[in-house]
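First comes the structure, then the notes that go with it.
The values are calculated or read from the model by the stated rules, or taken from the named source; none is laboratory data. From a predicted model like this one, the values you see are computed outputs, not experimental measurements. Heads up: the accessible areas ignore ligands, DNA and RNA and are worked out on the full protein's heavy atoms, side chains in. Shrake-Rupley method; radii C 1.70, N 1.55, O 1.52, S 1.80 Å.
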Amino acid sequence: MFSNSLTLWAGIVLILSITLWSSTTAQSDVAADCCLTTSDRRIPKRVVTSFTIQTGDGPCKIPATVVVTKRGFKLCAPFPSESSWVTELIDNIISGPKPKKQKGKKHRKQ
């Protein structure tokens, strides 16, 4: 009788340990995608495809702009209200690519 209750308690402790461990690792995965610092180095418009705004509340501790490049890199720039070049970059992403001017012969009106 004693060995059966000991086995039962060992099983319960094992299940609780696994449950607690999985919940703590799930919370740390969310924080892994947050910007921990930002850089004032300007990001060229031609390499940027999209952006997201990271607020300072929730799992992410600082406000930032997460910029995604054509190669899939995520770069951390300052919050738009903190830097004018970030605001210009966001405006450029939202407005989309501008049409390229055609090179070649210019036609004269006759």
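Tabulated results
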| item | result |
| --- | --- |
| Ranking by accessible area, most exposed first, for L89, L75 with a 1.4 Å probe | L75, L89 |
| With all protein chains modelled, accessible area of I62 [1.4 Å, Å²] | 50 |
| Accessible-area ranking of W85, W9, largest first, probe 1.4 Å | W9, W85 |
| Projected-area mean, the range 65-107, by convex hull of Cα positions, square nanometres | 4.6 |
| Residue order for S83, S5, S95 - accessible surface, 1.4 angstrom probe, largest first | S95, S5, S83 |
| Computed accessible area, D33, all protein chains, 1.4 angstrom probe, square angstrom | 120 |
